[in-house]
1. Please report the spacing between the Cα centers of the range 666-728 and the range 49-103 in Å, no decimals.
2. The range 480-618: percent of C-alpha pairs farther apart than 21 Å?
3. Stretch Thr462-Gln95 to full length: gain in nm at 0.36 nm per residue minus the Cα-Cα span?
4. Alpha carbon centre of the range 586-629 versus the range 354-432: separation in Å?
5. Can you tell me the order of 229-239, 51-61 when each peptide is scored by its average per-residue count of other Cβ atoms within 10 angstrom, highest first?
6. Using a Förster distance of 51 angstrom, determine the FRET efficiency expected from the C-beta separation of Asn251 and Asp494, and round it to 0.05.
7. For the range 267-379, what number results from the quotient of the Cα radius of gyration and 2.2 N^0.38 Å?
8. Please state the Cα pair-distance histogram of the range 324-443 with 10 angstrom bins from zero: what percent is in each bin?
Amino acid sequence: MVVLLFCRTKTFFMKRLTITFLAAVLSLAGHCNEGMWLPFLLENNIGEMREMGLHLTADDIYNINQACLKDAVVGFVDLDNPFSHFCSGSVISAQGLVITNHHCGLSVVQQHSSLQNDYITNGFWAMSLADELGGNDIGVCFLRRMEDVTETILQGVSDTLSVKRRNDLINSNISQLEKKVSDSTGLKAHVDAFYCDNEYYLSVYEIFEDIRLVGTPPIEVGKFGGDTDNWAWPRHTGDFTLFRIYADSQNQPAAYSDKNVPYRASNYLKINAKQKAEGDFVMLMGYPGTTNEYLPSFAVAARQDVFDPLVVNVRGKSINIIKEHMRADQSVMIKYTSKVASLANAWKKYQGERTGLISKRVVEKKRGREQLMNKWIAETDERKAQYGNLLDYYEADYIEYVKQEKARLLMSETLYKSEMLAIGRKIRTILNLNISDSAKQSQIIDYLNDFFTDYDLATDRTVTSMLIGEYLDNALPEHIPPTLKKMNRATAADVLISKSFLTDSASAVAFFKKSLAPDTKKLMKDPLYKLADEAALIYNITIGNPLGQIERKIDNHQRLFMRLQRQCFANSRIFPDANSTFRIAYGQIGGYRPSDAVRYTPFSTLGGIMEKCDLDVYDYTVPDRLKQLYADSDFGPYRNADGSMPVCFLSTCHTTGGNSGSPMFDADGNLIGLNFDRVWEGTMSDLQFDADICRNIGLDIRFVLFFIDKYAGARHLIEELDIVGLSE
Ligand code: ARG
Ligand code: ASP
């Protein structure tokens with residue numbers, strides 16, 4: 001089924017379009033698998049979803065007055081940034097057990113790991129509630145309700161206001177409403193912009209702060225395939241981790257305390273352990289972070305040819321250096337596992353994105369769409385008055401934007417990625433806070449103690465030296481910090497280390513312990529602090545000010561461009577870009593053709609892990625115990641009919657970063673898998689979804705059950721779950 005994106009007056013000009021051009025333009029049309037939809041507006045999708053196989057009603061999925069599926073879905077947040085969801089998850093037992101991805105919980109596992117208790121390498125299983133590991137700085141949120149508040153937020157806003165006035169007024173309307181709702185409900189209210197600042201919706205959340213680690217597989221399973229297989233199919237990663245929500249005696253959110261008890265969940269997901277088939281309906285819910293599906297052609301071209309290559313180049317070099325150090329030293333391995341994973345993730349994704357954008361000729365297709373829009377505009381004087389010069393102005397301003405953004409990105413990917421320079425920058429930020437001297441002192445000391453637990457000077461020295469070289473080679477002369485200008489690039493990192501007291505934990509902490517207000521003169525004489533300070537000034541002011549100005553213009557152009565697209569293509573359903581709010585995606589289980597003469601099937605099995613294991617690749621090692629279970633075919637009732645053990649599967653849902661850990665549901669709303677990734681050919685879906693090659697990768701829930709039961713021997717957790725469809 002294809003929803004065609006037609007301009008209202010299509011016949012007028014379409015006759016003149018060549019067949020190829022038409023095909024190109026229309027293949028940008030919405031497909032039933034494309035889109036991240038809003039739970040409270042599901043009536044627009046539910047007909048199609050049911051046609052595709054769903055057995056539920058819109059109310060079964062989202063209803064603020066009765067139990068529904070959304071009540072078992074959670075967003076994972078950092079407690080100091082509670083509206084930005086870094087991952088998704090779901091509640092799977094009446095005692096608040098939550099499942100998400102291994103890579104979502106990895107930093108928590110790392111915090112509890114040491115050389116003696118190396119949970120990253122060995123995995124961790126709490127055999128009783130008392131063993132569950134708390135004191136973590138993450139929380140989970142439940143969406144309680146969502147509604148359109150555009151009218152309230154746009155009160156007093158007219159098209160004649162300056163961009164600045166408009167933004168100020170909107171921000172003040174947003175703060176007032178958020179405060180009003182938070183005060184009256186005791187919950188956390190947040191207003192987000194949708195459709196590129198054309199609409200505003202309120203989300204009301206309940207956030208639980210005491211989340212404890214319950215179980216996680218060894219990294220060889222939880223991250224099997226590592227960076228070699230990341231963003232790729234065929235995939236065999238057991239990417240899951242279990243947490244438990246704790247609440248106070250009233251079942252309410254509370255800060256971590258040993259008095260807290262497991263959360264009593266009235267809504268949790270049933271698990272379906274039945275074998276899946278290609279074509280089965282799949283639905284997925286969670287918190288996708290950011291997409292940019294409605295950019296003009298020139299913005300996609302900049303991402304493809306300027307921004308993506310910059311990130312890929314510098315990160316590739318850092319990753320190689322860090323991995324060398326990790327291989328040579330197990331303590332560096334523990335300290336840098338999570339750091340290198342986050343560098344490598346974007347590094348690989350942007351390569352796939354660029355390849356996909358080029359192979360699917362997205363810039364060209366977008367240009368075709370812009371021609372359609374220009375023709376539509378030319379049809380009436382009113383349209384001409386509203387949008388006549390929009391694309392020309394937008395494109396002209398974009399040239400300036402690319403220049404400024406490139407300078408920012410370069411600094412952020414080089415000097416800002418040096419860990420030693422980050423020390424200076426963080427101290428600078430704390431010293432600039434409007435808090436008492438003693439609060440500053442304790443924040444700095446806490447930060448330093450924290451920082452040095454995961455720091456390796458030798459690794460950072462080599463990385464920083466490379467990063468400085470990259471910056472000097474590519475930055476505009478006016479963006480080079482004076483301290484750096486005076487240094488010799490080959491020895492700069494060594495000089496910073498030998499002349500600064502900040503790269504040594506003892507001397508750094510001692511300096512700030514000495515007196516409440518640090519001796520700023522001495523600090524400014526420290527070359528590392530001085531360089532960090534100069535870089536921050538360049539980043540925030542020399543680059544930041546003009547960039548901020550041009551960004552405001554670009555955002556305004558994009559707001560109008562989005563409005564234009566919704567008017568011109570009014571016959572199609574257009575979903576709002578992801579913005580870390582609750583969304584629903586749907587599609588079916590399905591493979592794809594990555595290239596000519598190749599077709600990928602959508603299911604992988606444990607046998608595939610064993611095949612990869614034999615290849616002697618660093619990322620392809622697994623614990624002996626898993627090999628033994630395989631050799632014994634000891635898969636319990638979780639295996640396929642042919643006796644194989646399922647691991648991962650593909651579906652056609654539209655997902656992005658933040659959707660990791662998202663529950664994947666069958667047609668009855670039972671849990672069948674956990675989303676954790678996308679395929680390499682399809683990472684372009686953040687800018688353009690292509691139904692041929694965009695697939696999300698899920699971990700089969702049966703692998704999770706098998707692992708908990710047969711590998712970890714944590715039968716008590718299996719007993720907690722509500723499982724249907726077991727083969728025995
Ligand atoms: N690519 C996935 C995502 O963006 C998974 C990342 C974790 N896995 C890894 N091998 N680095 O988050
Ligand atoms: N792996 C991503 C995540 O962590 C999901 C994706 O980008 O497809 O959210």
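1. 14 Å
2. Working: 7121 of 9591 pairs.
When every Cα pair of the range 480-618 is considered, 74 percent fall beyond 21 Å.
3. Values: separation 367, 0.36 × 367 = 132.12 nm, distance 4.78 nm.
Difference between extended and current length: 127.3 nm.
4. 37 Å
5. Per-residue Cβ counts within 10 Å, averaged per peptide and sorted highest first, yield 229-239, 51-61.
6. Numbers: r = 57 Å, r/R0 = 1.11.
Calculated value: 0.35.
7. Working: Rg = 21.0 Å, N = 113, 2.2 N^0.38 = 13.3 Å.
My calculation over the Cα atoms of the range 267-379 gives 1.59.
8. All Cα pairs considered, the percentages come to 10, 19, 25, 20, 15, 10, 2.
Since every read-out is calculated from the coordinates, none of them should be taken as a lab result. For clarity, every value in this text was computed on a predicted model and none was experimentally measured. Every residue, glycine as well, gets a Cβ built from its backbone with ideal geometry; the counts of neighbours run over all protein chains shown.
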